[in-house]
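See structure below.
Each value in this text was obtained by applying a stated rule to the coordinates, not by laboratory testing. Note that this is a predicted model, so its numbers are computed, not measured. We place every Cβ from the backbone using ideal geometry, glycine too, and count neighbours over all the protein chains shown.
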Amino acid sequence: MKFRFKDLTAKEAKTFKLHTLYNSIEGVILGVIALNEFVFLKSLHGSNYQMSFLFQFSVIVFVFLIFFNEYLQRVKNRKKFLRIVGIFTRAPLLILLFFPQNEQAISGNSVYHYVFLFVFFVYYFGNITIYPTINFFLKSNYRLYNFGKLYSYSTTVNKIVLLFSTFAYGLILDANNYNFVYVLPVISVLGMISVFVLSKIEYPDENIVLPKLSLIKSVRNSAGTMLNILKKNVGYRHFEIGFMFYGFAFMTTYTVVNIYFYEALDLNYSSVAFYRNAYNILAILILPFAGRILGKIDPRKFAVITFSSLLLYVFFLMMTQYFPYFTEIYNIQLYYTLIFYILFNGVFAATMVLLWNIGSAYFCKPSEAGTYQSIHLSLTGVRSIFAPLLGVLFYELFGFTFTFGLAMFVVFLGILLMIWSYKTDKKTNLQSS
């Protein structure tokens with residue numbers, strides 16, 4: 001069935017336009033932030049451990065979802081609250097205008113490193129409010145059979161804009177390593193504009209009266225519900241344990257990959273932007289096919305595809321240090337082994353975005369999907385407390401090969417668990433029938 005704008009209700013059409021505009025602006029922002037860790041290493045000369053914190057901040061904030069979910073349910077004026085959050089979490093990026101543009105002032109254990117980290121911690125903290133609100137707004141305006149379709153169209157626009165933004169930012173940084181002091185303040189303004197656009201989406205008035213609970217009691221209730229679900233739903237528990245294996249492998253290597261690009265391969269900004277864009281382009285092409293597959297098979301079987309692609313792209317990344325052959329095209333260093341890294345990373349990026357967003361819903365009733373996803377995100381925050389730092393520690397103690405090899409072994413355990421869990425469930429279901 002072809003998409004036609006006239007098939008939408010007036011409410012859906014307006015929401016789709018606003019959400020797509022929001023996603024377009026966010027595509028520019030995310031394209032710039034995609035090079036953040038590399039900027040921290042190459043331009044700011046921050047330490048490896050400091051850089052791991054920069055990545056860690058983007059996910060560790062999900063630990064606070066238990067607290068903020070309870071608070072968000074009690075917010076009366078979501079539009080006003082969203083705009084306040086947008087201003088206070090995006091405005092600090094303007095501080096970067098005052099950063100020095102010389103190596104002497106920012107080298108060593110500079111205070112500017114900590115300011116940079118703090119500014120982005122505040123930025124990521126805003127996502128705790130923004131992300132749940134997006135789902136609330138869209139579910140309030142889209143009919144059920146249009147939700148996935150319209151969401152995927154807006155997301156595709158976001159990814160396309162992201163590709164151009166990342167590549168352009170790479171060129172800007174190659175012209176001058178310190179151009180981030182001008183680009184990131186622009187991102188600050190765009191971030192406030194994007195949140196304002198999002199807040200224009202209409203939503204129904206809520207007259208739900210929730211009982212007043214103390215913060216300690218509400219957190220205790222939430223934690224109890226989560227533990228009870230993990231205890232009773234065996235298939236979901238296996239799924240989340242598998243994600244802990246995957247998450248450890250992904251997070252320990254994510255920070256080390258940036259170090260690897262900088263120290264082992266000595267890539268310029270254009271080359272890093274190229275590798276990030278190449279696998280994202282492939283992911284956009286694969287997404288529709290991956291969506292059809294996930295709709296037909298158990299998420300644990302689908303997870304085997306996702307986890308295996310992670311294992312393989314880490315393998316070919318690791319092998320580049322032993323086969324360091326490349327050709328240079330328009331200032332881009334194209335390593336031959338990294339072609340396979342691009343291919344498998346494209347598969348990983350396309351399948352993980354689906355598995356991440358809707359995989360948990362397979363194990364519950366529709367009314368429980370939000371709770372199950374909250375558990376999923378909270379566990380993400382838990383593993384982010386230690387995994388990124390351990391990745392840097394393993395690299396500094398044992399080198400790249402050990403770190404990548406350990407990640408491949410751990411994600412392999414996740415693959416085995418997914419296969420065993422699915423086969424066990426299938427066998428149990430056959431015996432019971």
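Side notes on the structure shown:
- If R0 is taken as 25 Å, the Cβ-Cβ distance between residue 131 and residue 227 corresponds to a FRET efficiency of 0.60.
- Multiplying the residue separation of residue 109 and residue 424 by 0.36 nm and subtracting their alpha-carbon distance yields 108.1 nm.
- Kirkwood Rh, Cα atoms: Rg over Rh of the range 11-204: 1.00
- Virtual spin-label span in nm between residue 94 and residue 385, 7 Å along Cα→Cβ: 3.6 nm
- In this Cβ point-charge picture (+1 for Lys and Arg, -1 for Asp and Glu), the range 218-428 has a dipole of about 1120 debye about its Cα centre.
- Between the residues 336, 309, 53, the greatest Cα displacement towards the positive end of the dipole of the chain, with unit charges on the Cβ of Lys, Arg, Asp and Glu, is found for 309.
- Calculated FRET value between residue 234 and residue 45, using beta carbons and R₀ = 51 Å, to 0.05: 0.55
- Positive dipole terminus of the chain, leading residue within 84, 175, 398 (C-beta point charges): 84
- Debye log10 I(q)/I(0) for the chain, one point scatterer per Cα, at q = 0.12, 0.14 Å⁻¹: -1.12, -1.56
- Dipole axis of the range 218-428 (+1 Lys, Arg; -1 Asp, Glu on Cβ), positive-most option in 234, 277, 379: 234
- Taken over the alpha carbons of the range 255-303 as equal point scatterers, the Debye sum produces base-10 log I(q)/I(0) values at 0.22, 0.23, 0.27 Å⁻¹ of -0.78, -0.80, -0.93.
- Ordering 165-177, 13-25 by mean Cβ neighbour count within 10 Å, with the highest value first, yields 13-25, 165-177.
- The range 218-428 pair-distance distribution - Cα-Cα, 10 Å bins, rounded %: 8, 31, 34, 19, 7, 1
- GNM flexibility winner over the chain from 223, 273, 387 (Cα, springs under 10 Å): 223
- For the range 226-240, 3J(HN,Hα) per residue [Karplus equation, 6.51 cos²θ - 1.76 cosθ + 1.60, θ = phi - 60°, Hz, x = Gly/Pro]: 4, 5, 5, 5, 5, 6, 8, 8, 5, x, 5, 4, 4, 4, 6
- Formal net charge of residues neighbouring residue 195 (Cβ-Cβ distance under 9 Å; K, R +1; D, E -1): +2
- Selected from 111, 181, 392 as most flexible by GNM, with the chain as the system and alpha-carbon contacts under 10 Å: 111
- Prolate/oblate/rounded label for the range 214-306 (Cα gyration tensor, a/c 1.5): oblate
- Helix-only CD estimate at 222 nm, as mean residue ellipticity for the chain, using -39500 (n - 2.57) per DSSP H run (n ≥ 4): -25500 deg cm²/dmol
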